[in-house]
1. Please work out, to two decimal places, the log10 of the ratio I(q)/I(0) at q = 0.18 Å⁻¹ from a Debye calculation in which every Cα of the stretch 42-159 carries one identical scatterer.
2. For every other residue with a beta carbon closer than 10 angstrom to the beta carbon of Val113, add +1 if it is Lys or Arg and -1 if Asp or Glu, then tell me the sum.
3. Which order do Phe154, Phe44 take when ranked by solvent-accessible area (1.4 Å probe, heavy atoms of all protein chains), largest first?
4. Take the Cα pairs of the stretch 107-159, get the Kirkwood Rh, then feed it into Stokes-Einstein at 4 °C and 1.567 mPa s and tell me D in µm²/s.
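The values are calculated or read from the model by the stated rules, or taken from the named source; none is laboratory data. Model, not experiment: these values are computed from the prediction. Reconstructed Cβ throughout: ideal geometry from the backbone, glycine too, with neighbour counts over all protein chains shown. Side chains are part of the model used for accessible areas, which takes the heavy atoms of the whole protein and leaves out ligands, DNA and RNA. Shrake-Rupley method; radii C 1.70, N 1.55, O 1.52, S 1.80 Å.
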Amino acid sequence: MRARVAAALSLAALAACALVVGFSGASFTDSTQNPQTVSAVADFLAPTAGASVIAKTQGGVTGYVKAEGTYYVYANVTESGNPASGIASVKADVSSITTGQTAATLTAGSYSVGGVSYNYRSAQLTANGNLKAGSKSYTLILTDVAGNTNTPSFSVRGS
């Protein structure tokens, strides 16, 4: 019975620390009553995108999109928390290319375009009819299961 009380107190202390400190690492050991160790390490790191590109659905040179042309957004996304909590979502804000498209969902898979492999791709999207030539930026919205978010920016050329 005494061991259960000690274990319950240890778990209560761990919960209290988590509430006070937020997401942080902790380790507790009760060596007098019940030699058990409880450890917790939080994922403080947001996912990252090593690369992203926009490519026409019909193929051709990557990094270019034309007015009223259809395209995909590709990305290489990794999660490196310690331990990694996992990737919850990958979205793209391509509103500078397609009006109103602020959160296009990218789906995990194995995709290859322009001789490069990517692990996420959007559904087919259509560029604005009045898309002008020149550089257009877009942003990925990367979120992991722990709630960490990263928003790297990339660019594509209108043609």
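1. Listed by q, the Debye log ratios stand at -0.84.
2. So the surrounding residues net to +2.
3. Descending accessible area places them as Phe44, Phe154.
4. Estimated via Stokes-Einstein, D reaches 96 µm²/s.
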